[in-house]
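Accompanying notes for the structure given below.
What follows is calculated from the coordinates using simple rules that are stated; it is not laboratory data. Being a predicted model, the structure only gives us computed values, none of them experimental. A quick note on method: Cβ atoms are made from the backbone with ideal geometry, for glycine too, and the neighbour counts reach across all protein chains shown.
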Amino acid sequence: MAILDWSQCLAVESVPGKRSGAWVFRGTRTPVSTVFENLQDMSVDELVQEFGVTREQVQAVLQFAAHSTEAQSPPHKVATPGSYTEVDIPIE
């Protein structure tokens, strides 16, 4: 599992004394982890309504996570037809 550098995401902040320094949505006490823990069962609109964050904040966190994990993924190895030689194919 990739470790994300949340300091690079403008939608979140970590403030000592606020939620023990956990990453929270900027201007709130709602932990970023709340999105990932509830996304399977809740829509973005439900997250916004339930946890007091904005749609833009949720989208920024999801986009940041998606782009960060893409950047950390190693190239995939595949066999070329007929030769079965491994080649590196970057995922974009």
Within the stretch 32-69, which residues are touching a Cys at 6+ places or on another chain (Cβ under 9 Å) and among the aliphatic types (A, V, I, L, M)? Val32, Ala60, Val61, Ala65
Suppose we filter Pro31, Pro16 for residues that are under 16 Å from the mean Cα position of the chain (by Cα) and of a type outside the set (Lys, Arg); which single one remains? Pro31
Check whether at least one residue in the stretch 36-43 is crowded, with 18+ Cβ neighbours inside 10 Å and not acidic (Asp, Glu), and report yes or no. no
If we keep only residues of the stretch 1-35 that are basic (Lys, Arg) and under 16 Å from Val58 (Cα atoms), then the residue surrounded by the fewest Cβ atoms within 10 Å (Cβ to Cβ) is Arg29
If the Cβ limit is 8 Å and pairs must be 6+ apart or interchain, which residue in the stretch 20-34 that is of a type in the set (D, E, K, R) pairs with which residue that is assigned to a strand (DSSP E or B)? Arg26/Val12; Arg26/Glu13
